[in-house]
1. Output the qualifying pairs, or none if there are none: Cβ atoms under 7 angstrom, residues six or more apart or on different chains, first residue in region 66-80 and farther than 16 Å from Ala55 by Cα, second residue charged (D, E, K, R) and modelled with pLDDT of 95 or more.
2. Looking only at region 133-150, which residues are farther than 18 Å from Gly183 by Cβ and in a loop (DSSP other than H, G, I, E, B)?
3. Given region 159-257, what helices (runs of 4 or more DSSP H) lie entirely inside it while holding 2 or more residues that are among the aliphatic types (A, V, I, L, M) and surrounded by fewer than 18 Cβ atoms within 10 Å (Cβ to Cβ)?
4. Given the structure, is Ser11 surrounded by fewer than 20 Cβ atoms within 10 Å (Cβ to Cβ), free of Cβ contacts under 8 Å to residues at least 40 places away in the same chain and among the hydroxyl-bearing types (Ser, Thr, Tyr)?
5. Which pairs turn up if I take residues in region 198-227 that are within 19 Å of Thr185 (Cα to Cα) and look for partners that are of a type in the set (S, T, N, Q) and surrounded by 15 or more Cβ atoms within 10 Å (Cβ to Cβ) with beta carbon separation below 7 Å, at least 6 apart in sequence or on another chain?
6. Here are Leu136, Leu108, Leu101: which of them is of a type in the set (A, V, I, L, M), within 30 Å of Ser174 (Cβ to Cβ) and out of contact with any strand residue (DSSP E or B) (no Cβ under 8 Å at 6 or more places or on another chain)?
Amino acid sequence: MLAFPEHISPSAAKSYLSCSLRFYFERVAGIKKPTSVALHLGKSIHAALQAFHLARWRGEDDSPEFVAEAFEKAFLQLERDQGPVNFGEPSKREKAIGDGLRVVAAYLASPEALKEKPRAVEVFLKEEIPGLSVPLTGAMDLVEQDFTPIDFKSAASKPNADSAMLDHEIQLVSYQLLLEAIGETPSKLDLIFLVKTKTPQVIRISSPPADEHRKRRVTALLEIAVTGIANERFHPQPGMACSWCSYRTECAEWLPN
């Protein structure tokens with residue numbers, strides 16, 4: 001009997017399609033690894049921006065001081081709850097805190113910072129989508145008044161617009177599918193990159209709403225992940241990412257059943 005997942009999210013689908021064996025180690029076997037500095041910093045920045053957007057939505061204090069404090073609280077809380085973080089040495093930890101505070105401040109001072117009350121913050125949807133065997137879920141960082149879903153990404157260098165949209169196609173189109181399932185159509189699909197360069201940059205990349213071809217393509221990719229998980233198809237998918245994958249040891253021991 002096939003073991004279908006209860007639902008599929010765009011992040012789970014992308015993880016499975018990138019490397020099904022890594023997906024297994026991480027999400028099925030639950031093998032924990034030290035958190036990378038980049039991931040820890042990205043989560044802390046995300047939490048600070050969430051605090052800012054929620055404050056703007058509620059009409060509460062959304063000052064730079066409040067948001068900086070939210071970043072530092074998240075940094076410590078995530079370190080306790082999801083650590084250890086692979087800082088290597090104390091100086092790298094202090095540098096990460098400084099980098100994060102600069103990135104958050106750059107967002108607040110940028111033209112991309114939310115100016116009006118958002119329609120929703122961290123909105124979670126779970127909907128039945130035609131062509132999918134299980135419900136689709138998604139958590140959108142921010143939804144603007146015109147129903148534009150925005151996802152925030154931390155990056156070490158300035159992104160290429162075409163590559164960024166291709167890399168995050170499953171996520172963005174999934175958000176559109178979820179919004180359409182509740183009767184709303186976004187005017188566009190947006191990514192905001194928070195670039196951790198010496199002078200932080202804030203870059204918005206927009207894509208028009210997906211046409212039927214894009215929606216069918218993404219739905220098919222989601223279903224491939226669902227059926228692969230259900231059939232327990234987990235195997236190595238060698239590529240460039242193998243050089244920095246934290247599951248190299250476990251992967252080397254893999255043999256087919």
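The values are calculated or read from the model by the stated rules, or taken from the named source; none is laboratory data. Quick caveat: nothing in here was measured; it's all calculated off a predicted structure. Positions of Cβ are backbone-derived with ideal geometry, glycine not excepted, and every protein chain shown enters the neighbour counts.
1. Pairs that qualify, where the first residue is farther than 16 Å from Ala55 by Cα and the partner is charged (D, E, K, R) and modelled with pLDDT of 95 or more, are Leu78/Lys43.
2. Answer for region 133-150, where residues must be farther than 18 Å from Gly183 by Cβ and in a loop (DSSP other than H, G, I, E, B): Ser133, Val134.
3. Fully inside region 159-257 and qualifying: 161-167, 212-230.
4. No: the conditions fail for Ser11.
5. Here the result reads Pro209/Gln176; Ala210/Gln176; Val218/Ser174, each pair linking region 198-227 to a residue that is of a type in the set (S, T, N, Q) and surrounded by 15 or more Cβ atoms within 10 Å (Cβ to Cβ).
6. Numbers: Leu136 fails: out of contact with any strand residue (DSSP E or B) (no Cβ under 8 Å at 6 or more places or on another chain); Leu101 fails: within 30 Å of Ser174 (Cβ to Cβ).
Of the residues listed, the single one that is of a type in the set (A, V, I, L, M), within 30 Å of Ser174 (Cβ to Cβ) and out of contact with any strand residue (DSSP E or B) (no Cβ under 8 Å at 6 or more places or on another chain) is Leu108.
Residues checked against (1) within 19 Å of Thr35 (Cβ to Cβ); (2) in contact with a Leu (Cβ under 9 Å, 6 or more places away or on another chain); (3) surrounded by fewer than 16 Cβ atoms within 10 Å (Cβ to Cβ):
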{"site": "Glu65", "(1), (2), (3)": "no, no, yes"}
{"site": "Glu69", "(1), (2), (3)": "no, no, yes"}
{"site": "Leu78", "(1), (2), (3)": "yes, no, no"}
{"site": "Pro84", "(1), (2), (3)": "yes, no, yes"}
{"site": "Gly88", "(1), (2), (3)": "yes, no, yes"}
{"site": "Ser91", "(1), (2), (3)": "yes, no, yes"}
{"site": "Glu94", "(1), (2), (3)": "yes, no, yes"}
{"site": "Asp99", "(1), (2), (3)": "yes, yes, no"}
{"site": "Val103", "(1), (2), (3)": "yes, yes, no"}
